[in-house]
Amino acid sequence: MAMTLSYAQPTRAEWNRCRPMIKRLYADEKKTLKEVMAVMERDYGLRATAKMYKDRIKKWNLDKKTKETEARAMLNMKVQRAAIGKDSVFRVRGKTMTIDDVLRYFKRKGILDPEVVPQTAEASMSTAIECWTPPLTPKPGYATTLGPGGLGVDFYEPLGAEMGSVSYMSLDATQGNVVNTYLSVDQTRQILFSNPEIQSFEVPDSPLPPQSLLVYEKLFASITSYFEGAFDGGLFMEKDNGYLDSASAKGTQSPNIFRHLSYTGIRLMQSKSFAEGRRYFSKASDVVNPLLREQHPRALEMFLDFLIALRLNGYSEVARIFQNLAREMVINIFVEENPFRHIFCHISNLGDSHFELGLTQAWRCISDKFTSSLGQFHPTVVQCYARYLNSPCMSNGPQLLHCLLVQGEQEFDRFDERLSYIKYSYGNALYKQRRYTEAIEVLEGILIYLRPSGRQEPRVIDMLELVSQCQYFLDHKEDAESNLRGAIKMAAKYYGENNALVLDLKTYLRSWLQEWGRETELDVLRAEIYEFLGPDDIGQDDS
């Protein structure tokens, strides 16, 4: 009598951990289910029956077979787009299909003349189908020639608006619009890096009056002068890992401490924990002096990011306090001729009109100076540019991050920290768009390599925290808590128990425990957080 193997059902956390590898093997590499099961058990220790795998594959929408509703949806899209002179290529669950593939599907089904019918609710709501216009072959003279908007108008065809369940992603250089498509690596490289003016469409021509424009012009000029002098004068140094650091304060953590404290303050204010949010802002203000004095290469970028976030979240008065604080400090620290001093004086003089837009362009100016001085693939350049694309004012940031990711996967090894940061940034952009499942897939696709290797612990901590946030909003409470506690434990070991990041992560966990009614654990966590913050010097309760 033949023996039947029986396996314990893997936990949801185990399935989620292995999902990126299963997708790659089954959907991307077209391996059979039997082959996938063998690889996953041999290399990753996942033991499960074929039925368990089939249930997960169906749940994850990784089925290889095209469904009739999908075929009819693609046929309808083709007809609608052909009516306005557009060709169409489709992607269904990661598989690229042309209209010929769709027609062959109907032929195999014995449907020789498929009727074009209105899309069903199921087809129109599907997120499994993507459609784009295939890139045209560059015409002679346009392959390397860039026009005022970046690309010659005939280089490739700009796409139209969204249609049905299809999303488009491409750069319309003449209009400054973003629609969804996929570009070749060479086109991506040309769009992103070939011309310093290529991304000028990010911030449109400002309607500000001439006097307001003058303030911004002075700010941009000061930024350019400062970074040129910093690189020429040896103000920055390169660490062993390739990133830039302050030559006068090697290994400083001021930028990261400031970022974690300030963003935690914003989050607490939004949750109506006003007194506690104020205390975090107070802690952040204590870091402004070393942040400015040390002149870390990323300090200005971090400060701009914080001011933009304050303004966009409705805390303009807090932003004004920090602007004035920074102005007073640079006047006391630096001589009058120092361009770093000029930068913060100009920032304090900015009016409310188009404030966020102007600072985003200033951020872009910083990114450009890094690129021109260090080259497009320097670690600090990649990190600064990715953060710029993820800034709140960049509505098309996710699309540009996707283009950058396409290029990064061609240029960098899978363990290269630059690729990890791009993937983290892209996952963060998807999270902000509430595309939680997609964000988890992107992040776990790199975590599955990094966690066993013990590499890039700071990046792993950030990714675990972001994955946990996505799982929380998907109501995967057990997985969310497990990953967040894992991030806290790793951060405490790497940075120390009293690090600002550890505190930031604990405030997230505290809000979850409070929501879930777990008072005993909540009391312990509250005590740890209050011990770090110390007594409230004002003694004012939340209102």
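Data table
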item: Set Tyr44, Tyr26, Tyr53: member being surrounded by fewer than 18 Cβ atoms within 10 Å (Cβ to Cβ), closer than 21 Å to Val442 by Cα and of a type in the set (Ser, Thr, Tyr); result: Tyr44
item: One residue from Leu357, Leu325, Leu350 being under 20 Å from Pro392 (Cβ atoms) and assigned to a helix (DSSP H, G or I); result: Leu357
item: Residues of the stretch 34-52 satisfying the condition of being of a type outside the set (Asp, Glu) and without any contact (Cβ under 8 Å) to a residue 24 or more places away in the chain; result: Lys34, Val36, Met37, Ala38, Val39, Met40, Arg42, Gly45, Ala50, Lys51
item: Evaluation of Gln9 against (1) surrounded by 15 or more Cβ atoms within 10 Å (Cβ to Cβ); (2) part of a loop (DSSP other than H, G, I, E, B) (one fails), failing number; result: (1)
item: Cβ pairs under 7 Å, 6+ apart, first in the stretch 480-498 and under 22 Å from Trp15 (Cα atoms), second of a type in the set (S, T, N, Q) and surrounded by 14 or more Cβ atoms within 10 Å (Cβ to Cβ); result: Ala480/Ser468; Ala480/Gln471; Asn483/Ser468; Asn483/Gln471; Leu484/Ser468; Ala487/Ser468
item: Residue match in the stretch 406-428 (condition: in a helix (DSSP H, G or I), in contact with a Cys (Cβ under 9 Å, 6 or more places away or on another chain) and over 16 Å from Phe303 (Cβ atoms)); result: yes
item: All positions within the stretch 462-496 that are among the small types (Gly, Ala, Ser) and surrounded by fewer than 22 Cβ atoms within 10 Å (Cβ to Cβ); result: Ala480, Ser482, Gly486, Ala492, Gly496
item: Candidates Asp504, Asp475, Asp462, Asp523 - the one that is assigned to a helix (DSSP H, G or I) and either more than 21 Å from Leu261 (Cβ to Cβ) or among the aromatic types (Phe, Trp, Tyr) (or both); result: Asp523
item: Residue, nearest to Ala492 (Cα to Cα), within the stretch 428-446, restricted to residues that are modelled with pLDDT of 90 or more and aliphatic (A, V, I, L, M); result: Leu443
item: So His296, is it part of a loop (DSSP other than H, G, I, E, B), in contact with a helix residue (DSSP H, G or I) (Cβ under 8 Å, 6 or more places away or on another chain), crowded, with 18+ Cβ neighbours inside 10 Å and on the phi < 0 side of the Ramachandran plot; result: yes
item: Qualifying residue in the stretch 31-46 (condition: assigned to a loop (DSSP other than H, G, I, E, B), modelled with pLDDT under 85, under 31 Å from the mean Cα position of the chain (by Cα) and closer than 28 Å to Phe106 by Cα); result: no
item: Some residue of the stretch 71-78 being surrounded by fewer than 19 Cβ atoms within 10 Å (Cβ to Cβ), assigned by TED's automatic domain parsing to the domain that holds Cys131, of a type in the set (A, V, I, L, M, F, W, C) and out of contact with any helix residue (DSSP H, G or I) (no Cβ under 8 Å at 6 or more places or on another chain); result: no
item: Condition met for Pro535 (without any contact (Cβ under 8 Å) to a residue 12 or more places away in the chain and either crowded, with 17+ Cβ neighbours inside 10 Å or not in a helix (DSSP H, G or I) (or both)); result: yes
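The values are calculated or read from the model by the stated rules, or taken from the named source; none is laboratory data. None of the values given here were measured: they were computed from a predicted structure. Cβ coordinates were reconstructed from backbone atoms using ideal geometry, including for glycine residues, and neighbour counts include every protein chain displayed.
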